[in-house]
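A short write-up of the structure that comes next.
The values are calculated or read from the model by the stated rules, or taken from the named source; none is laboratory data. Given the structure is predicted, the values throughout are model-derived calculations rather than measurements. When we count neighbours, we look across all protein chains shown, and the Cβ atoms used for this are built from the backbone with ideal geometry, even at glycine.
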Amino acid sequence: MKLNRTIAALPLLLLGTGAMAQMYGSGVSTSMISGDFKALKGEKTVDIDFVYDGMLVGNGMTNDQYLTKKTKEYNDKEKGKGDTWAIAWINDRERLYEPKFLELYNSRMDGAQKADKENNDAKYRLIVKTVATEPGYNIGISKRPSSVGASIQLVAIAAPTEVLGEMIVSNCPGANAMGFDYDTGGRIAEAYAKLGKEVATYLMKKQWK
């Protein structure tokens, strides 16, 4: 099976992400759409590759459309604020989201397996492709949690174009339990933490038994 099955699965993801207003309260949904992840059982290490190409934001905007819209909105309120926000929107991926995913994945694995980026010791790679993001908001008197939906694909590093298994994880919510999640990056980071924990839990309980 070739690498690009995610486009066909996109409508499934959108049913459970922030792109649909009905998502709140529906809970995380995880399902296999092809193959399996059994080859990863017993592996002490796994490489992780994060991909954001083609990601939709909010109510179905492309990432570029959302970036342009929000940058203008912030700059209109305060000169330069939108430009600063746009840089953070991209940089928060490596600075916040990816470390949170890895932290919770590894914590849930509890030593059984170690995931990391650019892991030269690994035989397999998990491709974490974010397909949809709901940034959410918190203005004190009103708030909405963030949410991410992703395709997770397993490939052998020696044969990176052949997908061994693919799962869809939708509606991973992100919010600070104490309510102090006014920053967009902080909210979305919590969604990636939930995503990492969900993937690890699903592998151990559903795929490796």
Inset, instruction - Say whether the condition of being out of contact with any helix residue (DSSP H, G or I) (no Cβ under 6 Å at 6 or more places or on another chain) and free of Cβ contacts under 8 Å to residues at least 60 places away in the same chain is met by at least one residue in segment 123-132. - result: no
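Here's the yes/no breakdown for (1) under 24 Å from Glu190 (Cβ atoms); (2) of a type in the set (A, V, I, L, M, F, W, C):
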| site | (1), (2) |
| --- | --- |
| Met61 | yes, yes |
| Gln65 | no, no |
| Lys70 | yes, no |
| Lys81 | yes, no |
| Ala88 | yes, yes |
| Met109 | yes, yes |
Legend entry - Close pairs (9 angstrom Cβ cut-off, 6 or more residues apart or separate chains): without any contact (Cβ under 8 Å) to a residue 24 or more places away in the chain in segment 70-90, part of a loop (DSSP other than H, G, I, E, B) and surrounded by 12 or more Cβ atoms within 10 Å (Cβ to Cβ) anywhere: Lys70/Pro135; Ile90/Tyr52
Inset, instruction - Return yes or no: is Lys123 surrounded by fewer than 21 Cβ atoms within 10 Å (Cβ to Cβ), of a type in the set (D, E, K, R) and at pLDDT 95 or above? - result: yes
Legend entry - Yes/no for Tyr105 being among the aromatic types (Phe, Trp, Tyr) and at pLDDT below 95: no
Legend entry - Qualifying positions in segment 170-193 - modelled with pLDDT under 95 and either of a type in the set (S, T, N, Q) or within 20 Å of Phe37 (Cβ to Cβ) (or both): Ser170, Asn171, Cys172, Asn176, Thr184
Inset, instruction - Would you check if Tyr105 is touching a Gly at 6+ places or on another chain (Cβ under 9 Å) and closer than 30 Å to Leu203 by Cα? - result: yes
Inset, instruction - Could you please find all residues in segment 81-120 being of a type in the set (Asp, Glu), surrounded by 15 or more Cβ atoms within 10 Å (Cβ to Cβ) and assigned to a helix (DSSP H, G or I)? - result: Asp92, Glu98, Glu103
Legend entry - Given (1) among the small types (Gly, Ala, Ser); (2) at pLDDT below 95; (3) out of contact with any strand residue (DSSP E or B) (no Cβ under 8 Å at 6 or more places or on another chain); (4) outside any loop (DSSP other than H, G, I, E, B), index of the condition Ser147 fails: (3)
